[in-house]
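**Student:** Below you'll find the structure I mean.
The values are calculated or read from the model by the stated rules, or taken from the named source; none is laboratory data. Keep in mind it's a predicted model, so treat the numbers as computed, not measured. Because the Cβ atoms are built from the backbone with ideal geometry, glycine has one as well, and the counts that use them run over all protein chains shown. SASA here: full protein model, heavy atoms, side chains in, ligands and nucleic acids out. Shrake-Rupley method; radii C 1.70, N 1.55, O 1.52, S 1.80 Å.
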Amino acid sequence: MISFTVRMRFAQQDRAEIAEILRELTAASRQESGCVSYIPHWVQGEPCTVLIYEQYRDALAEEAHRQSPHFKKYAVAGLFQKMLERSREDLAAMD
């Protein structure tokens with residue numbers, strides 16, 4: 001299982017647009033056969049920061065997500081154009 005978080009910061013004036021993009025991206029991503037979990041969050045106390053918790057069945061499923069038309073439309077051509085900062089944390093489940 002592949003698990004990670006993505007943290008992005010946006011300008012305050014883009015908040016409503018970012019929320020709409022994330023609704024579309026989330027709905028499409030959750031339909032992918034290899035997507036286990038896709039949950040976007042606003043970070044409390046940081047009104048312009050989004051944290052997305054993502055899980056995929058395996059590396060192939062993650063790559064399929066990144067190559068999907070909806071990722072290219074909503075993430076690459078949408079979120080990535082508006083974000084001010086981005087970071088990713090890869091996670092390892094405890095046994």
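**Student:** Please state the relative contact order of the chain as a whole percent: Cα pairs under 8 Å, 6+ residues apart?
**Tutor:** Here the relative contact order equals 46 percent.
**Student:** Moving to a separate point now. Taking the chain as the reference, fit the longest principal axis to its C-alpha atoms, fit the long axis of helix 15-29 to the helix C-alpha atoms, and give the angle between the two in degrees, 0 to 90, nearest 10.
**Tutor:** Helix 15-29 sits at roughly 20 degrees to that axis.
**Student:** While we're here: Which length gain, in nm to one decimal place, applies between LYS73 and GLN12 when the Cα-Cα distance is subtracted from 0.36 nm times their residue separation?
**Tutor:** Here the segment from LYS73 to GLN12 would lengthen by 19.8 nm.
**Student:** What net charge do the residues around SER33 carry, taking every other residue with its C-beta under 14 Å from that of SER33, with Lys and Arg at +1 and Asp and Glu at -1?
**Tutor:** Local charge sum for SER33: -2.
**Student:** Before I look further, what does the chain give for accessible area per residue, probe 1.4 Å, in whole square angstrom?
**Tutor:** 62
**Student:** Please work out which option in (i) 1.00; (ii) 1.06; (iii) 0.96 gives Rg/Rh (Cα atoms, Kirkwood Rh) calculated from these coordinates, and answer with its label.
**Tutor:** (iii)
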